[in-house]
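Taking it in order: structure first as structure tokens, then the write-up.
The values are calculated or read from the model by the stated rules, or taken from the named source; none is laboratory data. The structure presented is a predicted model; accordingly, all values stated were derived computationally and were not measured. We place every Cβ from the backbone using ideal geometry, glycine too, and count neighbours over all the protein chains shown. Heads up: the accessible areas ignore ligands, DNA and RNA and are worked out on the full protein's heavy atoms, side chains in. Shrake-Rupley method; radii C 1.70, N 1.55, O 1.52, S 1.80 Å.
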Amino acid sequence: MKIARSPLLDDRLPIWRARLVLGLLLAGSLALVGRALWLQGVQRDFLIGKGEARYERVLEIHATRGRILDRNGEALAVSTPVRSVWAIPEDARLSPAQLRRLAALLEADPRELARRLASERNFVFLKRRIAPDVARRVADLKLPGIHFQDEHRRYYPSGEVAAHLLGFTGAEDVGQEGIELALEDHLAGKSGARRVIKDRRGQVVEDVEAVRVPREGRDVVLALDSRLQFLAYSRLRQAVEAHQARAGGIVVLDARTGEVLALANLPTFNPNNRSRLSGAQLRNRAFTDAFEPGSTFKPFVVAQGIERGRVGFDTPIQTAPGRLTIGAATISDAHPHGLLSVAQVIQKSSNVGTAKIALDLSAEDLWSLFDRLGFGQPLKLGFPGEAGGRLRPWQRWRPIEQATMSYGHGISVTLIQLARAYLAFARDGDLIPLSLTRVDAPPAAGARIYSTQTARALRVMLEMAVQPGGTAPLAQVPGYRVAGKTGTANKLEGGVYTDKYVSSFVGFAPASEPRLLIAVMIDEPSAGQFYGGAVAAPVFAAVMGSALRALGVPPDDALRPLQLADVAPAREEM
């Protein structure tokens, strides 16, 4: 049977239609080829970068911060490994029970955690610097979107004992105060980086390469001796508590090298737990608080009088009737002393005698002396917040101001400045820079302030001040010859002197060959006693005696029991 042929099959398509379709196919193919060439040739780097951005990450490798060590290698600040917990909020879909368990481990408020996990950000910290065992327990929960980051936490084994000198670091392990800030560049090191491949859940699946090798922080060896630091801190604390004082400070120097062997302040703080800190606790008063030094300033003026040939060791000074009127103002001694030698002016701490010596010198000469001693400007030890005190230009001095400055009123200094200036007496007249870091070799002779003869004459006077008849017999150390000077100054508030006091003592031992120099300041003692000889001198004696024995310094005086007359200080002037 023959099948009929459809007439539609006999119709032939126009030739142009086939050519059009072929042309369109060729054009499309060429477009695809061109696009491929464009993407793989011209935009290749752009597309590779976009792709890598979806799976490749560059992770920072934190450099370990350098340690802070004392002069004997004992660790004062170290970085311990910790972990931080972070989350990808989009992935961290936690049930209420999971959220509660996580909050309990992190010691956090569940509502605060829920708020953070509801963030629209791609990355949020849940808790910084937790202990490794806590991080392990959190990891055991196997919570989605919860991740960990290795970090370091700074730890201070000595706690509050050396807090003001060491300072502390912040959340990013960057120095914020003290040595941590002053030597940040030395301690911090430089972070490295490595390139890794991560999956969409943030897990590292492949370590590609190291981009930058980290440079670890370098250790710092301080001049500080941990034994002397604890001794100084504990004795200062006892004195501040016993005298119900507002604050206190102590500095211990090596007279041979200028090294700061100990430095403590009260009130203090624990750098390992800084959740409740106030500005008063953080202040390193030895560097930042300036005060009127009172009678501790007298030896500098008397020494200058000897240096200029105005007076000698035994030159008589008439201090009767115990008062000196200059213009409309009158300077007084606590008790009339009558005729005193220059040595006795220091021993008895006579304001009138010191003022007369000062007025026999030119204002410019005295200002130059104070400037060379380092007053009126920071010592530039690199310590943050270091104050320079107050020293007015000599051209503006009136005679009464020149007189009062001779016994430490009308001028302000910091405790570290005062301690350093006394090195001129302990070192036979020359003054060397101080050092917070260990000095392996004693420095060469420093700036010449006084002649050797003048410095030694003052050393004898300062020995007399701690002997019977002086103002500080409580500063005596059995077995050692001690030289030093007391200071008691009314505090200036609102331009008016008040009945609040700053009690101080600066001295050194052994006097025959000085090894240690100690300066003590007690701010506003309020338990009845306020003279430097009764408040600050005993702190000096306790610290000096123990420190000399700890360092093995041989005695230079025959041991003898103290007599009642030895511990009855003469009243010092203010």
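Summary table
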| quantity | calculated |
| --- | --- |
| Single match in R218, R283 (criterion: at pLDDT 90 or above and basic (K, R)) | R218 |
| Odd one out for A355 among (1) buried (at least 16 other Cβ atoms within 10 Å of the Cβ); (2) within 43 Å of the chain's Cα centre (by Cα); (3) more than 15 Å from P399 (Cα to Cα) | (3) |
| Of all residues in the range 100-121 being in contact (Cβ under 8 Å) with a residue 24 or more places away in the chain and surrounded by 11 or more Cβ atoms within 10 Å (Cβ to Cβ), the one that is farthest from R136 (Cα to Cα) | S119 |
| Residue among T471, T452 that is open to solvent by 20 Å² or more (accessible area, probe 1.4 Å) and polar (S, T, N, Q) | T452 |
| Test: residue in the range 309-322 that is open to solvent by 30 Å² or more (accessible area, probe 1.4 Å), assigned to a helix (DSSP H, G or I), of a type outside the set (D, E) and under 19 Å from K485 (Cβ atoms) | no |
| Complete set of residues in the range 134-151 that are open to solvent by 30 Å² or more (accessible area, probe 1.4 Å) and either touching a residue at least 60 places away in the same chain (Cβ under 8 Å) or assigned to a loop (DSSP other than H, G, I, E, B) (or both) | L141, K142, P144, F148, Q149, D150 |
| Single residue of L418, L340 found to be open to solvent by less than 40 Å² (accessible area, probe 1.4 Å) and either in a strand (DSSP E or B) or under 14 Å from V302 (Cβ atoms) (or both) | L340 |
| Set A541, A511: member being aliphatic (A, V, I, L, M), surrounded by 20 or more Cβ atoms within 10 Å (Cβ to Cβ), in a loop (DSSP other than H, G, I, E, B) and in contact with a helix residue (DSSP H, G or I) (Cβ under 7 Å, 6 or more places away or on another chain) | A511 |
| Some residue of the range 356-369 being in a loop (DSSP other than H, G, I, E, B), of a type in the set (G, A, S) and at pLDDT below 95 | no |
| Which numbered condition T498 fails, given (1) among the β-branched types (V, I, T); (2) at pLDDT below 95; (3) not in a strand (DSSP E or B) | (3) |
| Scan of the range 370-387 for residues that are open to solvent by 40 Å² or more (accessible area, probe 1.4 Å), touching a residue at least 60 places away in the same chain (Cβ under 8 Å) and in a helix (DSSP H, G or I), ordered by number | R372 |
| Subset of the range 121-161 [under 30 Å from R227 (Cα atoms) and of a type in the set (V, I, T)] | V161 |
| Segments classed as helices (runs of 4 or more DSSP H), wholly inside the range 211-297, with at least 3 members that are open to solvent by 10 Å² or more (accessible area, probe 1.4 Å) and of a type outside the set (A, V, I, L, M) | 226-242 |
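For (1) open to solvent by 100 Å² or more (accessible area, probe 1.4 Å); (2) modelled with pLDDT of 80 or more; (3) within 30 Å of F230 (Cβ to Cβ), each residue gets a yes or a no:
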position	(1), (2), (3)
I15	yes, no, no
A18	no, no, no
G28	no, yes, no
L37	yes, yes, no
Q40	yes, no, no
L59	no, no, no
D70	no, yes, yes
